[in-house]
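Reviewing the structure listed below.
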Amino acid sequence: MARKDTKRYSLAELKSMRAEGKTATRRDAAVREIDESFWRNARVVMPVAKKSVHLRVDTDVLDWFRKQGKGHLSRMNAVLRSYMAAHRKERS
């Protein structure tokens, strides 16, 4: 089942949208040359493990984060992380 924010288009519709300038996709967007300097500076970044929790927040707070767009839970986590980091510095 498709998510609510997932759209389906036919190839003809996509070509038409591109011709009308309604998409930001460039023809060369998928093709990117990766040279030696990329690999020289590359590093492995392991994702931080997440834990699912049930959290009750005020309705207006949740609404405000949701209005900021997709990724509201990640932004809420970033705010909490920033608060945590600030308080760790105070105690050190």
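The values are calculated or read from the model by the stated rules, or taken from the named source; none is laboratory data. None of these values were measured; they are calculated from a predicted model. Glycine also receives a Cβ, built like all others from the backbone with ideal geometry; neighbour counts cover every protein chain displayed. Accessible surface areas use protein heavy atoms only, side chains included; no ligands, DNA or RNA. Shrake-Rupley method; radii C 1.70, N 1.55, O 1.52, S 1.80 Å.
Some notes on this structure:
To keep it simple, each residue is scored yes or no on (1) open to solvent by less than 100 Å² (accessible area, probe 1.4 Å); (2) assigned to a loop (DSSP other than H, G, I, E, B); (3) over 24 Å from residue 4 (Cβ atoms).
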| site | (1), (2), (3) |
| --- | --- |
| 52 | no, yes, no |
| 55 | no, yes, no |
| 64 | no, no, no |
| 76 | yes, no, no |
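- Of the residues contained in segment 22-34, none is found to be modelled with pLDDT of 85 or more and either open to solvent by 100 Å² or more (accessible area, probe 1.4 Å) or in a loop (DSSP other than H, G, I, E, B) (or both).
- Scanning segment 6-21 for residues that are modelled with pLDDT under 85, assigned to a loop (DSSP other than H, G, I, E, B) and open to solvent by 80 Å² or more (accessible area, probe 1.4 Å) turns up just one, 7.
- Selection within segment 3-23 - touching a Lys or Arg at 6+ places or on another chain (Cβ under 9 Å) and over 24 Å from residue 70 (Cβ atoms): 16
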